[in-house]
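The values are calculated or read from the model by the stated rules, or taken from the named source; none is laboratory data. It should be emphasised that the depicted structure is a prediction, and the values quoted were computed from it without experimental measurement. When we count neighbours, we look across all protein chains shown, and the Cβ atoms used for this are built from the backbone with ideal geometry, even at glycine. Just so you know, the surface numbers come from the protein's heavy atoms only, side chains and all, with ligands and any DNA or RNA stripped out. Shrake-Rupley method; radii C 1.70, N 1.55, O 1.52, S 1.80 Å.
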Amino acid sequence: MSEPATETADDGAAELLGRLVTVPEGYGRACRLLGLSTPPETLLAGSYALAVGVWLVGVAALAVGSGPVAVAVGAGSAVAAVGVALGGRYGVGLAAQARRIRALGAAPSLVATLVLGMTLWPSAERAAVFAASAGDGLLAESLDTYRRRAARTPGADWTRSAAGGPTSSRRSRLRLPVSSGRQG
């Protein structure tokens with residue numbers, strides 16, 4: 001009986017957050033890239049609420065106390081409140097950008113692993129499985145996701161090739177000459 005009331009309260013809170021907090025463009029995408037399970041509106045509103053709370057601590061310190069300690073606490077709280085608000089607003093985007101940059105830095109390693117996989121097993125599917133399992137990071141995850149998605153498409157032999165099984169009949173009929181690696 002409390003479930004409909006809870007759903008109504010959650011819907012009302014989400015609607016209120018939607019009106020009070022404007023989520024910047026790209027913020028939701030950055031949250032998804034970082035794997036955050038909290039909705040972007042809630043995350044941003046939470047950082048703003050925390051900033052207001054920190055600021056109120058500083059105001060209370062100035063209202064109650066006097067002297068250099070109260071001024072230091074008040075000023076420190078004001079700076080911390082601005083930092084929390086800016087961290088909530090821009091921190092997610094910066095963290096997502098850092099993850100993308102790290103992924104670009106890992107690209108040469110992933111390509112080298114793909115080349116090694118192609119050298120060991122002359123099959124694009126098996127090399128992709130090898131590179132996705134050997135790598136870590138955003139690009140390796142993306143390659144693994146693409147590989148799994150492509151395995152379910154018609155005509156794709158990702159799973160049998162990756163397991164070392166026979167490939168499709170069209171590929172098995174194709175016989176390529178094996179090169180010794182030397183060119184003359």
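The table that follows gives values for the structure above.
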| quantity | calculated |
| --- | --- |
| Hits in region 29-67 - residues which are of a type in the set (D, E, K, R) and touching a residue at least 12 places away in the same chain (Cβ under 8 Å) | Arg29, Glu41 |
| Condition broken by Val111, with the remaining ones in (1) under 30 Å from Leu143 (Cα atoms); (2) within 20 Å of the chain's Cα centre (by Cα) satisfied | (2) |
| Lone unmet requirement of (1) under 30 Å from Ala140 (Cβ atoms); (2) among the polar types (S, T, N, Q); (3) part of a helix (DSSP H, G or I) for Thr38 | (3) |
| Qualifying residue in region 101-115 (condition: in a helix (DSSP H, G or I), among the charged types (D, E, K, R) and either surrounded by fewer than 17 Cβ atoms within 10 Å (Cβ to Cβ) or on the phi > 0 side of the Ramachandran plot (or both)) | yes |
| Condition check for Val57: part of a loop (DSSP other than H, G, I, E, B) and either over 17 Å from the mean Cα position of the chain (by Cα) or surrounded by fewer than 17 Cβ atoms within 10 Å (Cβ to Cβ) (or both) | no |
| Yes/no for Ser133 being in a helix (DSSP H, G or I), open to solvent by 60 Å² or more (accessible area, probe 1.4 Å), at negative phi and of a type outside the set (Asp, Glu) | yes |
| Those residues of region 63-76 which are of a type outside the set (Ser, Thr, Tyr) and surrounded by fewer than 16 Cβ atoms within 10 Å (Cβ to Cβ), in sequence order | Ala63, Val64, Gly65, Gly67, Pro68, Val69, Val71, Ala72, Ala75, Gly76 |
| Test for Pro154: is it open to solvent by 40 Å² or more (accessible area, probe 1.4 Å), modelled with pLDDT under 85 and farther than 29 Å from Pro24 by Cβ | yes |
